[in-house]
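Read-outs throughout are calculated quantities, based only on the coordinates presented, and are distinct from any laboratory measurement. Nothing here was measured: the structure is a model prediction, and the numbers come from that model. Here the Cβ positions follow ideal geometry from the backbone for every residue, glycine too, while neighbour counts run over all protein chains shown.
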Amino acid sequence: MTMTKRSGTILDGDSRPEGRGTGTGPGRLTARQLGGFCVLTALMVVTRSGHLGTAWTPPDASWAVLYLAGFYFAREWRWALPALLCTAMAVDFVVISYFGVSSYCVTAAYVFMLPAYVLLWLGGVWMRRAYRRELADLLRWAMSLGLGSSLCFLVTNTTFYWLGGRIPDPTLGGWWQSFAQWYPGFIAVPFVYVGIAAVLHIALARPGRVRVAADAH
C-alpha cells in the first residue's frame, strides 16, 4: 500500500481547489505562487501595446493572462482580479500618455473592457474546477478558453462599434463585417499563449509531485 501526498503550489499537477476556502491575501502565498502571479502580471505589462502585435512587439497577452490567473488564482479573486484589471488600465494610461500609442480604442465603451475581462477570468475558474489531469482536459481547455475569449470579443467589439463614437454611421452589416474581420486574430492570440502555458504546466508539474510516505504490506 502506498500513501501519496500532493502539493498545492501553482504548478502542481492537481490544481483543483481543496474545498471552498475563502481565499488568501498575497502575503500568504507561497514563493512559487507569488512568483507565478508576478510572471503573469509582467507578461501583461510588456505585451500590452497592441493586441495582434507588430514586427517588433509580441501580441497582447492580456486575455491569456486573465484566463490563466482565473485558473491558478481562483480563490484569490478578491485581490488578484482587481490587481490585474488595475494593471491593464494603468498600462494603457502610461503607453498612451508617454509612449505615443494611439488612443483610438479608448472611448466611452472602454469601461466595458472590465466585465469582458471578468468573463475570461471565469473561463479559467471553470477550467480549474473541471481539471482532472486527463486527456479530456484538452477539450475542456479549448472549450472554456474559446467561449471566454469569444464572449470577451463580443462584448468589447460590439460596445466599441455601437457606443465608441468612432464609426460615423454604424449599421448592423458594418458591425458584422468588423466582427468577422477581427475575430480570428483576437481569438488565436490567447490560444497561443495558453497553449505555451499548458506545455510548461505539464513539464514543471509532473516531476516530484508524488512522494512515497510509507509502504504497508
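Values for this structure:
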read-out	value
Segment Met143-Trp77, extension gain: residue separation times 0.36 nm, minus the distance between their alpha carbons	21.6 nm
Sequence of Tyr161, Tyr193 once ranked by neighbouring C-beta atoms within 10 Å, starting from the fewest	Tyr161, Tyr193
Positive minus negative residues near Asp92 (Lys, Arg vs Asp, Glu; Cβ under 14 Å)	0
Simple label model, 7 Å out from Cα along Cβ direction - Val111 to Ala198, nm	3.7
Spin-label pair Ala188/Trp176, simplified geometry with 7 Å Cα→Cβ offset, distance in nm	2.4
Whether region 28-205 is rounded, prolate or oblate, judged on the alpha carbon gyration tensor where a/c under 1.5 counts as rounded	prolate
